[in-house]
1. Relative contact order, percent, of the chain when contacts are C-alpha pairs under 8 Å separated by at least 6 residues?
2. Determine the gain in length on full extension of the stretch His160-Leu277; use 0.36 nm per residue of separation and subtract their C-alpha separation, reporting nm with one decimal.
3. Compute the orientation-averaged projected area for the chain from the convex hull of its Cα atoms and round it to one decimal in nm².
4. In region 1-60, if every C-alpha pair distance is counted and binned at 5 Å from zero, what percent goes to each bin?
5. Treat the count of other C-beta atoms within 10 Å as a stand-in for reagent exposure and order Asp88, Asp229, Asp42, Asp31 from fewest to most.
6. What helices in the chain pass both tests, a Cα length along the helix axis of 24 Å or more and a mean Kyte hydropathy of 1.6 or higher, using whole DSSP H runs?
7. Would you list Cys30, Cys100 from fewest to most Cβ contacts within 10 Å?
8. Cut-off is 10 Å between beta-carbons; in what order do Tyr207, Tyr185, Tyr105 appear when sorted fewest neighbours first?
Amino acid sequence: MKVAGFTFIRNAVKNDYPVKEAILSILPLCDEFIVAHGNSDDETLELLQSIDSPKLKIINTVWDESKREGGQVFAEETDKAYRAISADADWAFYIQGDECVHEKYHPTIRDEMHKNLNDPEIEGLLFKYQHFYGSYDHYAVSRRWYRREIRILRHLPGVHSYRDAQGFRIDGRKIRVKLIDAWIYHYGWAKPPQNILNKLRNFNRFYHDDQWIETNVPVTTEFDYGNADKLLPFTGTHPQVMQSRIAATNWKLDVDISKLNKKMSFRRRLLQAFEKLTGVRLFEYRNYRIVR
C-alpha cells in the first residue's frame, strides 16, 4: 500500500498558518508528500524546505489572482498538488495548511486504509472535525460549520477538488465514503483577534472584490466571536507537532463565553438540541455519500 500526502499553501508565515505542523502531523503515514507552493512573498518556501524528509516534494505554482469568486483558486491549487502524486499511489491523504491530525489516530487511519484498500465501493475516508476558535483551549460548535469532510481519497482518475477546496468529487459526482473514528483538528481560527482579521481580509480576496472587503472587513473593525454560536472548553490534548506553537501562545481569549453562548437563535438551539440527543444533524449539507 502506497500513500501520498498532498496540500497547497501560499504566504503561510504572513497569515500565520501552521502548515509545517500540518504536514508533519500526517507525514509518518505517507510514503511521499506533495506541496503545491504558490508564489509567496514571505518565507513560506524556506519554512517548507526546513522539513527534513526525503518524502517531501515541493512544486512551485503561480496563483491566478484574477479569479475572485467562490475560492476557485484554492481548488485549482489543490488539483495541481493532486496531479503531481506518483501514479502508483493507492491513497491520497489531503491536509490543509491550518489542519492537523493527532498522532493517537495514526493506528486507526492506517488500519482503515489497509482494510478498505481492496474494496472499490469505498472511494474515500471521511473524518470528523474539531474547530478550535479564538484560542487553543476552546472549540466552536455551530451548524454553520462542517462537522465532517473527506481527507483520504482513493487515487483515481477523475478526482478533482470541489468549489473552494472544501471537498472532492469524481467526474462531478459525490464520492462514496466510509466514516472513520478519527478527527481533524482545525486551527484556522485559533488566533489573536487582529490575526483573525488579517486572515479574513487576505482570505476574502479570493472570494470578493476590494470594495466588498473594505465594506465588510474594514481594518478598524473588531472581530465578533459570535460567529461560533457556541464555544466549549477543550479538555483533550493537542498533537505533539503543535506543542511548541501552543507553548508560545501570547494572548488570552478575551470574551465572556456565557454571554456568547446565549446569542444563538431559538431555531439553531432547537436543531442543536436535537443533534445532541440523536446524533443526527437535520438539513446538513453533505459533500459526499456515506456507504459504510
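1. Working: 523 pairs, mean separation 61.9, N = 292.
For the chain, the relative contact order is 21 percent.
2. Numbers: separation 117, 0.36 × 117 = 42.12 nm, distance 3.57 nm.
Working it through step by step, the gained length comes to 38.5 nm.
3. For the Cα atoms of the chain, the hull's average projected area reads 15.6 nm².
4. P(r) for region 1-60, in whole percents per bin: 4, 19, 34, 24, 12, 5, 1, 0.
5. On the way: Asp88 9, Asp229 19, Asp42 13, Asp31 16.
Lowest to highest Cβ neighbour count: Asp88, Asp42, Asp31, Asp229.
6. On the way: long enough: none.
The answer is none, since no helix passes both cut-offs.
7. Numbers: Cys30 22, Cys100 27.
Going from sparsest to densest Cβ surroundings: Cys30, Cys100.
8. By the 10 Å Cβ count, ascending, the order reads Tyr207, Tyr105, Tyr185.
Each value in this text was obtained by applying a stated rule to the coordinates, not by laboratory testing. Everything quoted here is computed from the prediction, not taken from an experiment. We place every Cβ from the backbone using ideal geometry, glycine too, and count neighbours over all the protein chains shown.
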